[in-house]
1. Please find, among Ala124, Ala117, Ala185, the residue that is open to solvent by 30 Å² or more (accessible area, probe 1.4 Å) and at pLDDT below 90.
2. If you scan the stretch 9-49, which residues turn out to be part of a loop (DSSP other than H, G, I, E, B), over 27 Å from Glu88 (Cβ atoms) and of a type in the set (S, T, N, Q)?
3. Name the residues in the stretch 1-33 that are surrounded by 15 or more Cβ atoms within 10 Å (Cβ to Cβ) and more than 24 Å from Val122 (Cα to Cα), would you?
4. Give me the pairs: first residue in the stretch 131-154 and outside any helix (DSSP H, G or I), second residue basic (Lys, Arg) and open to solvent by 10 Å² or more (accessible area, probe 1.4 Å), beta-carbon distance under 6 Å, and six or more apart or on different chains, which are they?
5. Looking only at the stretch 130-182, count how many residues are under 19 Å from Ser2 (Cβ atoms) and of a type outside the set (A, V, I, L, M).
6. Within the stretch 35-57, which residues are open to solvent by less than 50 Å² (accessible area, probe 1.4 Å) and of a type in the set (S, T, N, Q)?
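The values are calculated or read from the model by the stated rules, or taken from the named source; none is laboratory data. Just so it is clear, the structure is predicted and the values come from calculations on it, not from any experiment. Positions of Cβ are backbone-derived with ideal geometry, glycine not excepted, and every protein chain shown enters the neighbour counts. For the accessible areas, the whole protein counts, side chains as well, though only heavy atoms, and no ligand, DNA or RNA atoms are used. Shrake-Rupley method; radii C 1.70, N 1.55, O 1.52, S 1.80 Å.
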Amino acid sequence: MSGVRLLACAPTPALRAAVFGGDGEPDEAGLRATQSLAGQRGLTADVPWLCGGSVAATATARALGRAATAVPALADPDFGRWSGATLETVAARDPAAVQAWLTDPGAAPHGGESLAAVAARVGAWLHGPAQGPVVAVAHPVVVRAAVACALGLPAAALWRLDVAPLALVRLTCRAGRWHLHLPTAA
């Protein structure tokens, strides 16, 4: 991979409610916010668009007039038996499991995918065979994983990176080293 723009998917009701594995169409506010990005530098280039295949990521690309090809490495995390529940509900039911998940990136008390596993699969994609620049639309945690992997940060760093819906991150690779480019103020 030589360069990638990572776009966190548009906000959805499930994302706003902190539902594990919550997917769905962006709400009206999310669609309006997405459409306001149209024409933004980096989202107009005629490059391949990829996504994790979720409804939210696909709808985000579609709202920008793009068709995105699903790539399994960019898929939302598998939250196992927590899927469909809110963080608040799971924390009330099993606080020790939530504490383990929040403090140990290798923990998967939900029976799904650990954050370390998410980081490993996203990192394998990022460090995979070189290809031209792409735009990748994914869940914010997948964007966090890509940034952490690009910068050589441990999986525990995912909890220290905040990526809001519709955040746009640019990574470039030169001489085998990834560089994070932060946007300038408009």
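1. Going through Ala124, Ala117, Ala185 in turn, the sole match is Ala185.
2. Hits for the stretch 9-49 are Ser36, Gln40, Thr44.
3. Asp27, Gly30, Leu31, Ala33
4. Close Cβ pairs satisfying both conditions: Val135/Arg5.
5. Residues meeting the conditions: 14.
6. As a first pass, look at the stretch 35-57 and keep what is open to solvent by less than 50 Å² (accessible area, probe 1.4 Å): 37, 42-43, 45, 47, 49-54, 56-57.
Once the filter is applied, which keeps residues that are open to solvent by less than 50 Å² (accessible area, probe 1.4 Å) and of a type in the set (S, T, N, Q), the stretch 35-57 yields only Ser54.
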